[in-house]
Structure formats: structure tokens, C-alpha cells
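Rule-based calculations on the coordinates, nothing more; no lab input. Bear in mind the structure is a predicted one, so any value in this text is a computation, not a measurement. Neighbour counts are summed over all protein chains in view; Cβ atoms, including those assigned to glycine, are modelled from backbone coordinates with ideal geometry.
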Amino acid sequence: MVNHKQRILDTLKARLVHEKSQPSLKRSQRAQYVAAINWLCRYAPKQSLKNIDQVKGELEAFYHLCAVSDWTCAHQLVFAPTTDSETEELHERLFNWGYYREQQQLYTSLLHKIDREVDLVCLNGLGSLHDVLGDALQALNYHQQSLALAQTVGNAQAEATALGNLGNAYLSLGHPERSLKLYQQHLEKARIAGNRRSVGIALGNLGNVYRILEDYERAIDCIQQRLAVAREVRDRHGEGDAYGNLGSVYALQGRLEEALLLQQQAIAIAQEIGNRLGECRAYGNLGLVHQAFGDQIRAIECFKSTLKIARAIEDQEGQRLAILQLGTLCQQLDRYEAAIEYQQQALGWVSDPIRTGSLMLNLGTAYRELGQISEAIALYKKLVAMAGQMSNDTLEQRSFKMLGYYCLAAMA
């Protein structure tokens, strides 16, 4: 059976053969077609630890086709499975591998170039990757465009997907109640459309938001349904997510042994299918479980794994979690130099004054323990100044001001 890449190759070669008899391209345009063909024919990935090398030939060919505005072939190349045995399309695989910038380039290149159905995929994809990259407002904008377009063209499944993704964006912005309503709409429309995979995604999102709202029984019910649907449709990605989310709820209920096993299963599946974001989040969840057990050493190992992956794929949430937890754990183990390094980074990841004040207190303690008195005094003075800028007569404002003055007096 001729695979998809071979069909595109045949199309491109036929175009050049036709060009010989009826020239219509400039020399520079012909060169772009030749380059695309060469990348598809001659590129053979060497043994590499980078997933991106497996599809470099297709990506380079895509860029050359875009250079001559051959949007049809460019679209066919990346909106297709990477091999005959896979159902995951190349642009989707880039997301699972964590190559968000490369995926962004594909979507922005194809947006408004093919048809409105392709635009729906591009808008949803752009929204999802911006959410992971920490730009929830931009994600919201793309998903709102996607929802409006889906309603215009009457694509019920795309509408369901857009509703769910809007819920994700609002959750990132700190509005779980609004997310809950959107996830419920997603579930209803996915059921009407008869898309079981989409039903599973909606159930998983509902379970996640119920966990955040501390309705643990409903969270467990939704996630268990998510797991059943994922197994039914053979969705390993969804199965791994369900294990991780269920483990997070069990951990909050104090069912730590069960939570530990579930997070380990989530990591194993993420590694099996190459889901870098899933692996990153599962390591973070496993670190929290070890932390709850009081096993600080294993927790640190997990958060270091989280941080390494999160930095590689630019996952903002993963980086924030890992840096904050590593700072706390290193401080608890009297590893003050490491604690200072992580907590200084953490100050750039927090915006609320309560968390900032707590970090400044911890940093001051670490500096003091290392004998770096001037640095500690400077931090405590900043803490007092920050407390003076907070809302007057709140518990936090009084506490930070008193603690700052106390620490300064103790070091006088």
C-alpha cells in the first residue's frame, strides 16, 4: 500500500514533470519544489533522542511548500498520520511531544489558506498551545473565534471541542465555576454528536474542575467514567490523563498508596506514547504524593524531572509548580544555597502578595542561616515595605509587617 507521504511525493514529482512541458514556475519556485521532494525522499533520521528528528523531513518539506504557496500539499503533509499504522496526525503529534513553537508555525501558516474546517483545527490548536505556554488570554481569544466559526458552519463536534477548550482557558484564568458550565455544555454536545472520545475528554475536564472545587466524590465519578471511555475507544492518552487526575483526587483524600500507584501508571503511559506534557504533569503529581508521605528526597527527584521536561517544552504551569516545591523542600532539608536559587526564581512566577511574602520570609531565613546577613536584612526591609502597600488592617498585612520587624530586630 502506498503511504501518504509517497502520494504527496508522486503529486510533487508529477507537477515538476508537467512543468517541463508547460513551464509556469519561476526558477526559485522550482527550486522550492525540488527541495521539498529531496527532504521527503532523502532525509533519513539518525538515531536521536529528539522526537522532532523523526518528522524533520516532513516539516522541512512543509516550509518549502509554504514558500511557493502550495497550501494544498502543505496541508496534506501535516494533517496526516506520520505512518500508515498511526491515526495521530503530524500536527497533533507535535503537541504531544511538546513542540509547541513548531506546531504554532504550522497553524499560523495554514490559517485562512484552505477552508473553514481546517481553520477550526488551527484555531483550536493555537488556543491550546497558548494555554500551555501560559498565555491564557490569547488562548481564550482563539477558542472564542473557533466557537463562533463552528456555530457559523454548523459543525457540532467542533463546537463541542471549542466549548471544552474555552473551559480550559477560563480554568487557567482562575474561573472554575465558569469552566464547569462550559464543560457541561461540551459533554452534552459531544453526547449528541455521538463522539465517544470527545465525551471522555469532557468527563475528564469535569473531574478536574470538581477536584479544584473540592467536590471529590463527583470528581472521582467523572474521572472513572473518563477512564472507562478511554479504554473503550483505545485512547491511551486519555487513559493516562485519567490515572493522573484520579491519583490527584485520591492524594487530596489521603489515599496516598493508591495515589502513588496511579501516578506511576500515568508516567508509564505518557512515556510509552511520547506524551511529554502528560509525563511532566504526572511527575509533578507524583512529587506531591511523595511530599505528602514525607519522602522529601524522592519528591525532589520527581520535581527535578518535572522541571527538566517543563523547561524543554515551555510548560509554564509545570515550571511554576516544580520551582516552588523545590524551593520549599530544599529549605526543609537545610540545603539553603539550593533553596535560595529556587526561591529567587519562584519570585518571578508568583504575583499574589501572600505567596510573595512567604517566599521573602523563606529567602531571608536561608540567607541568615548561611551568614549572609546584609542580604537577609534587605529582604526583611522589602517585606515591611510590601506589607505597607497591602490593604490596610488585614491579617496578612499585619502579619508580614510584624514578622519583618521581628526579623530585623532579631538581627540587630
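Note down the magnitude of the dipole of region 242-346 about its Cα centre, charges +1 on Lys and Arg C-beta and -1 on Asp and Glu C-beta and zero elsewhere, to the nearest 20 debye. Walk me through the intermediate numbers first.
Working: 9 positive and 12 negative charges, 18 e Å.
Its charge dipole is roughly 80 debye.
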task: Quick one: Debye curve from the alpha-carbon atoms of region 242-346 only, equal weights, vacuum; give me log10 I(q)/I(0) at q = 0.11, 0.17, 0.22 Å⁻¹ to two decimals.
output: -0.31, -0.72, -1.11
- prompt: What are the ³J(HN,Hα) values, in whole Hz, obtained from phi via the Karplus relation 6.51 cos²θ - 1.76 cosθ + 1.60 with θ = phi - 60°, for each residue of region 28-45 in sequence order, with x given for Gly and Pro?
  reply: 5, 6, 4, 4, 5, 5, 4, 5, 4, 4, 4, 5, 6, 8, 9, 6, 10, x
Approximate spin-label separation K381-Q151, in nm, with each point projected 7 Å along Cα-to-Cβ: 5.6 nm
task: Please list 340-353, 197-210, 305-318 highest first by mean number of surrounding beta-carbon atoms within 10 Å per residue.
output: 197-210, 305-318, 340-353
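Could you work out the local net charge near Y210, counting Lys and Arg as +1, Asp and Glu as -1, over the other residues with Cβ closer than 10 Å to its Cβ? Intermediate values should be presented prior to the final figure.
On the way: positive: R211, R218; negative: E214, D215, E217, D221.
That sum, taken over residues with Cβ under 10 Å, equals -2.
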field: Full-stretch length increase - E188, E89 - with 0.36 nm per residue and alpha-carbon distance subtracted
entry: 33.0 nm
- request: For region 222-236, just list the computed ³J(HN,Hα) in residue order, Karplus coefficients 6.51, -1.76 and 1.60, θ = phi - 60°, integers in Hz, with x standing in for Gly and Pro.
  value: 5, 5, 5, 5, 4, 5, 5, 5, 4, 5, 4, 9, 6, 9, 5
Region 165-216 - percent relative contact order, Cα under 8 Å, separation 6 or more: 33 percent
- prompt: Taking the mean number of other Cβ atoms within 10 Å as a proxy for protection, how do you rank 247-253, 125-131, 159-165 from highest to lowest?
  reply: 159-165, 125-131, 247-253
query: Can you tell me the Rg and the Dmax, both Å, for the Cα atoms in region 80-209?
result: 14.1, 42
task: Starting from the Cα of K308, draw a straight line to each of the lysines and keep only those under 22 Å, dropping any in the same chain fewer than 8 residues away.
output: K50
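Can you pull the Kirkwood radius for region 1-82, inverse mean 1/r over Cα pairs, to one decimal in Å?
Evaluated over region 1-82, this radius sits at 13.2 Å.
Computed over the Cα atoms of the chain, what is the ratio Rg over Rh, Rh following Kirkwood?
Using Cα coordinates only, the ratio equals 1.05.
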field: Debye, to nearest 20: dipole size of the chain, +1 on Lys, Arg Cβ, -1 on Asp, Glu Cβ
entry: 1020 debye
- line: Applied in sequence order to region 294-305, the curve 6.51 cos²θ - 1.76 cosθ + 1.60 (Karplus, θ = phi - 60°) yields integer Hz couplings, x standing for Gly and Pro, of x, 8, 5, 5, 5, 4, 4, 4, 5, 5, 5, 5
message: Using DSSP to call loops (not H, G, I, E or B), can you name the GluC sites (Glu not before Pro) in region 195-234 whose Cβ has at most 13 other Cβ atoms within 10 angstrom?
response: E214
field: Among Q185, T306, S358 - extreme Cα towards positive end, dipole of the chain, charges at beta-carbon
entry: T306
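With r defined as the distance between the Cβ atoms of R298 and N3 and R0 fixed at 45 Å, what FRET efficiency is calculated, to the nearest 0.05? Walk me through the numbers before you get to the answer.
Values: r = 44 Å, r/R0 = 0.99.
That pair, R298 with N3, gives E of 0.50.
Once fully extended, how much extra length lies between A312 and Q47, figured as 0.36 nm per residue of separation less the alpha-carbon to alpha-carbon distance?
Values: separation 265, 0.36 × 265 = 95.40 nm, distance 1.96 nm.
That works out to 93.4 nm of additional length.
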- request: Quickly work out the Q54-to-Q138 label distance, labels modelled 7 Å from Cα along the C-beta direction, and quote it in nm with one decimal.
  value: 2.7 nm
Only Lys, Arg (+1) and Asp, Glu (-1) charged, at Cβ; region 1-82 dipole about Cα centre in debye: 220 debye
field: Distance from region 182-210 to region 326-380 (C-alpha centre basis), Å
entry: 42 Å
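Could you give the length gained by full extension between Q253 and E214, i.e. 0.36 nm per residue of separation minus their alpha carbon distance, to one decimal place?
Values: separation 39, 0.36 × 39 = 14.04 nm, distance 1.00 nm.
My answer for the length gained is 13.0 nm.
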